[in-house]
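A short worksheet on the structure shown next.
The values are calculated or read from the model by the stated rules, or taken from the named source; none is laboratory data. Values in this document were obtained by computation on a predicted structure and should not be read as measured data. Cβ placement follows ideal geometry from the backbone for every residue including glycine, while neighbour counts extend to all protein chains displayed.
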Amino acid sequence: MQHRVVALVGPPLEMYRVTGASAVFGDHGPDIPRHYDFALCAERPGPVRTTMGVDVIVEQGLEALAGAGTVLIPGWQAGPEVSPAVGAAVRAAHRRGARIVALCSGIHVPASLGLLDGRAAAVHWEMTADLAARYPLIRSDASVLYVDHGDVATAGASATTVDLCLNQVRREHGAALAMRIGRQLAAAPHREGNQRQFPRLPTTGPVPDSLAPLLDWITAHLHRPLTVEDMAARAGLSPRTLTRHFTDRLGVSPGRWLLERRIAATRALLEETDLPVGAIAQRVGLSSAVNLRRRFRAALGTTPAAYRRTFR
């Protein structure tokens with residue numbers, strides 16, 4: 001049975017967040033298993049005005065949330081309190097175990113219901129002061145991409161929609177499926193929730209605008225014993241400058257980012273192949289089975305063998 005994702009929308013609707021989520025949870029063709037069903041609902045079915053100046057016709061009302069495994073809230077107008085009908089429907093969904101995913105201003109819904117009290121939440125940097133005044137019990141964090149508690153997840157900026165949705169696929173069906181969907185969408189390599197929500201303005205100097213070509217090169221050469229000096233040479237930067245760019249733009253060091261990619265590649269190979277751990281270690285650049293097991297347990301709190309049994 002497919003997991004039903006229902007987006008609860010209202011005017012003015014920011015289309016990117018809805019289309020980004022539907023791209024992850026929608027149909028990806030016959031070669032990629034489909035585990036999700038995506039739909040829209042609104043408190044008042046009918047035309048919903050979008051920020052593009054056109055209407056989207058939403059046929060289902062709040063009753064659609066009764067069958068949702070995930071309630072996605074792509075945005076919400078601040079100001080009036082969430083209506084009793086919306087609040088009751090979302091609270092009932094959460095109570096029976098549905099996952100609540102709030103994007104950007106959508107955080108107002110779970111916040112107003114107390115679902116984030118005493119918990120951390122990813123918040124858009126322009127909303128931090130307002131959120132702090134309205135919901136002082138929430139630990140708002142404007143520096144991270146997303147925060148996922150399992151039952152409730154938040155993403156601060158619209159551009160992190162795909163990251164958070166792919167993270168859900170990864171949690172529920174493994175890294176290999178998430179990577180396959182991400183590749184089909186031409187999404188950037190997986191970004192952990194603790195990476196920076198936005199970079200500081202680039203400084204003058206060579207290649208400050210984008211690390212994407214270097215990140216693609218690293219991902220294609222994971223099997224090599226890469227060093228920070230190797231990455232810096234590829235980018236035409238000094239190791240010190242490269243480290244600064246990584247920290248400013250991604251919130252992690254080059255070495256940490258490289259290790260995360262190697263762990264992600266390990267997970268995919270454990271899920272999709274019968275390769276022994278030693279062979280996987282060679283493919284992902286972790287040199288030996290002993291080193292891979294140590295790094296894997298430190299990152300995920302489990303062994304490669306246990307992980308493979310879970311996701312094969």
Cβ-Cβ under 8 Å pairs, at least 6 apart or on other chains, region 20-35 side of a type in the set (Lys, Arg), far side at pLDDT below 95:
34/2; 34/27; 34/28
Are there any pairs, at least 6 apart or on different chains, whose C-beta atoms fall under 8 Å, with the first in region 145-167 and among the aromatic types (Phe, Trp, Tyr) and the second assigned to a loop (DSSP other than H, G, I, E, B), and if so, which?
146/156; 146/193
May I ask you to verify whether residue 109 is part of a helix (DSSP H, G or I), under 18 Å from residue 42 (Cα atoms), touching a strand residue (DSSP E or B) at 6+ places or on another chain (Cβ under 8 Å) and not charged (D, E, K, R)?
yes
I'd like the residue in region 66-88 that is part of a helix (DSSP H, G or I) and free of Cβ contacts under 8 Å to residues at least 60 places away in the same chain and, out of all such residues, is farthest from residue 5 (Cα to Cα).
84
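Counting only residues that are out of contact with any Pro (no Cβ under 8 Å at 6 or more places or on another chain) and part of a strand (DSSP E or B), which one in region 9-44 is farthest from residue 165 (Cα to Cα)? Spell out how you get there, then give the answer.
To start, the set of residues in region 9-44 that are out of contact with any Pro (no Cβ under 8 Å at 6 or more places or on another chain) comprises 10-12, 15-16, 19-20, 22-44.
Remaining after also requiring part of a strand (DSSP E or B): 36-42.
Details: 36: 11, 37: 13, 38: 12, 39: 15, 40: 16, 41: 18, 42: 21 Å.
The extreme case among them is 42.
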Subset of region 131-149 that is assigned to a loop (DSSP other than H, G, I, E, B) and among the small types (Gly, Ala, Ser) - its residue that is farthest from residue 251 (Cα to Cα):
142
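Okay, residues lined up against (1) surrounded by fewer than 18 Cβ atoms within 10 Å (Cβ to Cβ); (2) within 30 Å of residue 32 (Cβ to Cβ):
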site	(1), (2)
98	no, yes
132	yes, no
149	yes, yes
157	no, yes
178	no, yes
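Residues that are modelled with pLDDT of 90 or more and more than 17 Å from residue 225 (Cα to Cα): does region 282-292 have at least one? Before you say what the answer is, go through the steps one by one.
Filtering region 282-292 for residues modelled with pLDDT of 90 or more gives 282-292.
Applying the additional criterion that residues be more than 17 Å from residue 225 (Cα to Cα) yields none.
Within region 282-292, none of the residues are modelled with pLDDT of 90 or more and more than 17 Å from residue 225 (Cα to Cα).
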Among (1) on the phi < 0 side of the Ramachandran plot; (2) free of Cβ contacts under 8 Å to residues at least 40 places away in the same chain; (3) not polar (S, T, N, Q), which single condition is residue 307 missing?
(2)
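Could you run through region 110-122 and say how many residues are buried (at least 24 other Cβ atoms within 10 Å of the Cβ) and under 19 Å from residue 9 (Cα atoms)?
Here is the first cut: in region 110-122, the residues buried (at least 24 other Cβ atoms within 10 Å of the Cβ) are 110-111, 116, 121-122.
Keeping just the survivors that are under 19 Å from residue 9 (Cα atoms) gives 110-111.
So the answer is 2.
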If a residue has to be surrounded by fewer than 23 Cβ atoms within 10 Å (Cβ to Cβ) and among the hydrophobic types (A, V, I, L, M, F, W, C) to count, how many in region 14-38 make the cut?
5
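Give the residue, chosen from 245, 223, that is of a type outside the set (D, E, K, R) and either surrounded by fewer than 19 Cβ atoms within 10 Å (Cβ to Cβ) or assigned to a loop (DSSP other than H, G, I, E, B) (or both).
Values: 245 fails: either surrounded by fewer than 19 Cβ atoms within 10 Å (Cβ to Cβ) or assigned to a loop (DSSP other than H, G, I, E, B) (or both).
None of the other options fit; the residue is 223.
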Given the structure, is residue 296 surrounded by 14 or more Cβ atoms within 10 Å (Cβ to Cβ), under 27 Å from the mean Cα position of the chain (by Cα), in contact (Cβ under 8 Å) with a residue 40 or more places away in the chain and under 30 Å from residue 31 (Cα atoms)?
no
Any idea which of (1) closer than 15 Å to residue 17 by Cα; (2) part of a helix (DSSP H, G or I); (3) among the polar types (S, T, N, Q) is the one residue 128 doesn't satisfy?
(1)
In region 211-233, is there at least one residue being farther than 18 Å from residue 286 by Cα, small (Gly, Ala, Ser) and over 22 Å from the mean Cα position of the chain (by Cα)?
yes
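Answer yes or no as to whether residue 126 is over 22 Å from residue 252 (Cβ atoms) and touching a residue at least 60 places away in the same chain (Cβ under 8 Å). Lay out the reasoning, then the answer.
Working: over 22 Å from residue 252 (Cβ atoms): yes; touching a residue at least 60 places away in the same chain (Cβ under 8 Å): no.
Taking the combined requirement at face value, the residue does not satisfy it.
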Taking only pairs six or more apart or across chains, which ones have beta-carbon atoms under 7 Å, a first residue in region 228-239 that is buried (at least 16 other Cβ atoms within 10 Å of the Cβ), and a second residue that is modelled with pLDDT of 90 or more and of a type in the set (S, T, N, Q)?
228/243; 232/238
